[in-house]
Amino acid sequence: MVSHIKLVFPGLYSVLKRISYKKIYKNCYIKSDMVSLDCELGKKIYIGRDCDIRSNVKIGDYSKISAGSILFNDVKIGRFSSIGYNCQIGCPEHPVNFFSTSPRIYADSKAKKYSNWKDFFEPPVIGNDVWVGSNVIILQGCKIGDGAIIAAGAVVTKNVEPFTIWGGVPAKMIKKRFDSVTEKKILDTSWWEKDIDEIERIIKHFYDK
C-alpha cells in the first residue's frame, strides 16, 4: 500500500514519511523521505535532501549527513560526526572468487547454495567527531577511528586510525592531526560522551593556559 502511494501520489508519500519521522525520530531534522523507519537515530541529527539511509543504521547524537549520501544496511556512526555530500558508506559487495559476480546468480538462483555470500558481511563503523569529505566511498569491513578526517573523493578500503587524515584512491594516511601527547589528552577526555556545557569547559581548559 505504501509503495503504491509513493508511485501514484509522491507528494503525499513524502508528507506521510515526514509525519512518521516526527513520531519516531524526535529532535532530528530530516529533509529526505528515504530514511528507513528501523534506524536508531540520536538527538539533533541532521539528514539532508536525497539521503538514502537504509535498514538498521545507527547514528549518534549531533551528527550530520549531507545531501545525496547513502548509508547502507547496518552502518554505525558515532556522535558529532560529519558526513559530506554524495558519500557511499557500506556499499554491498559481490563475490570475486565465485562462479559469477551477478546477484542474479549468486543470490537469486539455485546456484546460491554454493556461494553463501553476504552482500553486507561487515558494515563500516565510523567513530565520534569524524569528518568524511564529499564523494567518499567507505567499503565493507572498515573502521574509522575517533577524530579522523577522510579527504573528499577518497576510497577507504581499510581501517583508519584515530586523529589521522586520509586521502586518495585507495585511501592512505596523509598525516596525523596532533602530536601524540595532545592526541592522548583529547582521547582521555572522551568529550563526545558528555553534554555540550561540559564539552565547552573541556575546550576552555585546553586553550586557556
Being free of Cβ contacts under 8 Å to residues at least 40 places away in the same chain and of a type in the set (A, V, I, L, M) is the filter here; which residues of region 51-83 pass it?
I53, V57, I59, I65, A67, I70, L71
Mind telling me which of the residues P95, P123 ends up being over 30 Å from K185 (Cα atoms) and buried (at least 17 other Cβ atoms within 10 Å of the Cβ)?
P95
Given (1) crowded, with 16+ Cβ neighbours inside 10 Å; (2) in contact with a Gly (Cβ under 7 Å, 6 or more places away or on another chain), index of the condition A67 fails:
(1)
Those residues of region 74-108 which are closer than 13 Å to E40 by Cβ and in a loop (DSSP other than H, G, I, E, B) amount to D74, V75, G78, R79
Lone unmet requirement of (1) loosely packed, with under 14 Cβ neighbours inside 10 Å; (2) within 21 Å of I30 (Cβ to Cβ) for S82:
(1)
Among the residues of region 160-189, what is the count of those that are closer than 20 Å to V132 by Cα and not in a helix (DSSP H, G or I)?
19
Positions within region 121-147 being on the phi < 0 side of the Ramachandran plot, part of a loop (DSSP other than H, G, I, E, B) and in contact (Cβ under 8 Å) with a residue 24 or more places away in the chain, in sequence order:
F121, P123, P124, G127, N128, V130, G133, S134, V136, L139, Q140, D146
In region 180-200, how many are in contact with a helix residue (DSSP H, G or I) (Cβ under 8 Å, 6 or more places away or on another chain) and loosely packed, with under 13 Cβ neighbours inside 10 Å?
1
Which condition breaks for K209 when tested against (1) out of contact with any strand residue (DSSP E or B) (no Cβ under 8 Å at 6 or more places or on another chain); (2) at pLDDT 95 or above; (3) assigned to a loop (DSSP other than H, G, I, E, B)?
(2)
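The values are calculated or read from the model by the stated rules, or taken from the named source; none is laboratory data. Bear in mind the structure is a predicted one, so any value in this text is a computation, not a measurement. We place every Cβ from the backbone using ideal geometry, glycine too, and count neighbours over all the protein chains shown.
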